[in-house]
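Have a look at the structure below, then the notes.
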Amino acid sequence: DAYISLRYARNLAHGDGLTWNAGEPVEGYTDFLWVLLLSLGGSAPVAAWAIGALAGAALLVVLAYPPRGLRVPGAAGALLPLSLAANLAFSFWAAKGLETALFTLLVTAGLFLHAGARLGASSHARHSRTGLLGIHLLALSALTRPEGLIFLGLAVLDRARRRGEPATRLAAV
């Protein structure tokens with residue numbers, strides 16, 4: 001799978017477009033945002049490893065500092081990021097050139113922001129911006145992997161239900 005993304009990214013970086021073979025446009029990837037990011041790095045496997053490792057590290061930070069209403073107090077709150085960091089499968093696969101760590105980061109941060117906007121105690125305008133940022137991160141997750149649409153759709157419907165607005169209006173935002 002990593003090879004597929006790297007090949008499309010290489011062709012895009014070299015000006016041949018999103019193609020498997022130059023001049024033959026065939027869509028054979030499901031990770032559009034990942035391919036775009038890899039093409040910015042020249043499609044070298046090192047870029048894929050670096051982006052994946054950075055996304056994995058950022059995920060640990062997001063888990064260590066969830067929104068105020070979602071924090072688990074004391075030492076128990078540190079168990080989630082520490083247990084994930086200690087998981088050899090997570091660290092191994094985060095840096096293997098696949099989009100999984102980026103997808104997980106975007107979904108986790110998006111859902112944290114969405115839920116945090118619902119639970120926070122500050123101004124309505126700030127919560128609205130935080131919730132919209134969460135929805136935008138979930139939209140990026142949908143560009144990273146197709147199943148991100150599930151999380152995005154649920155967040156948009158939840159936001160529409162809470163605000164009493166049509167979901168189609170929020171989806172356009």
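The values are calculated or read from the model by the stated rules, or taken from the named source; none is laboratory data. These figures come from a predicted structure and were not determined experimentally. As a convention, Cβ positions derive from the backbone with ideal geometry for all residues, glycine included, and neighbour counts pool all protein chains shown. Ligands, DNA and RNA are excluded from the accessible area calculation, which covers all protein heavy atoms including side chains. Shrake-Rupley method; radii C 1.70, N 1.55, O 1.52, S 1.80 Å.
Can you tell me which residues in region 1-11 are free of Cβ contacts under 8 Å to residues at least 40 places away in the same chain and open to solvent by less than 30 Å² (accessible area, probe 1.4 Å)?
Y8, A9, N11
Return the residues of region 59-88 that are of a type in the set (V, I, T) and modelled with pLDDT of 90 or more; say none if nothing qualifies.
V61, V62 - these are the residues of region 59-88 that are of a type in the set (V, I, T) and modelled with pLDDT of 90 or more.
How about region 51-76: which of its residues are closer than 30 Å to S5 by Cα and open to solvent by 60 Å² or more (accessible area, probe 1.4 Å)?
L54, V61 - these are the residues of region 51-76 that are closer than 30 Å to S5 by Cα and open to solvent by 60 Å² or more (accessible area, probe 1.4 Å).
Is there any pair with a first residue in region 136-148 that is charged (D, E, K, R) and a second that is open to solvent by 60 Å² or more (accessible area, probe 1.4 Å) and assigned to a helix (DSSP H, G or I) whose Cβ atoms are under 9 Å apart and which are 6 or more apart or on different chains, and what are they?
Going by the 9 Å Cβ cut-off, the qualifying pairs are R145/T100.
Out of the residues in region 121-149 meeting the condition of being assigned to a helix (DSSP H, G or I) and exposed (fewer than 14 other Cβ atoms within 10 Å of the Cβ), tell me which one is modelled with the highest pLDDT.
R129
Would you mind listing the helices (runs of 4 or more DSSP H) fully within region 32-109 where at least 2 residues are closer than 30 Å to G17 by Cβ?
32-40, 45-64, 88-94
Scanning for something under 19 Å from R145 (Cβ atoms), of a type in the set (V, I, T), in contact with a Lys or Arg (Cβ under 8 Å, 6 or more places away or on another chain) and open to solvent by 40 Å² or more (accessible area, probe 1.4 Å), does region 12-35 turn up at least one residue? First the steps, then the outcome.
Just the residues of region 12-35 that are under 19 Å from R145 (Cβ atoms), to begin with: 12, 18, 27-35.
Add one more test, that the residue is of a type in the set (V, I, T), and what stays is 30, 35.
From what is left, the residues that are in contact with a Lys or Arg (Cβ under 8 Å, 6 or more places away or on another chain) are 30.
Next, only the ones that are open to solvent by 40 Å² or more (accessible area, probe 1.4 Å) stay: 30.
Yes: region 12-35 contains one or more residues that are under 19 Å from R145 (Cβ atoms), of a type in the set (V, I, T), in contact with a Lys or Arg (Cβ under 8 Å, 6 or more places away or on another chain) and open to solvent by 40 Å² or more (accessible area, probe 1.4 Å).
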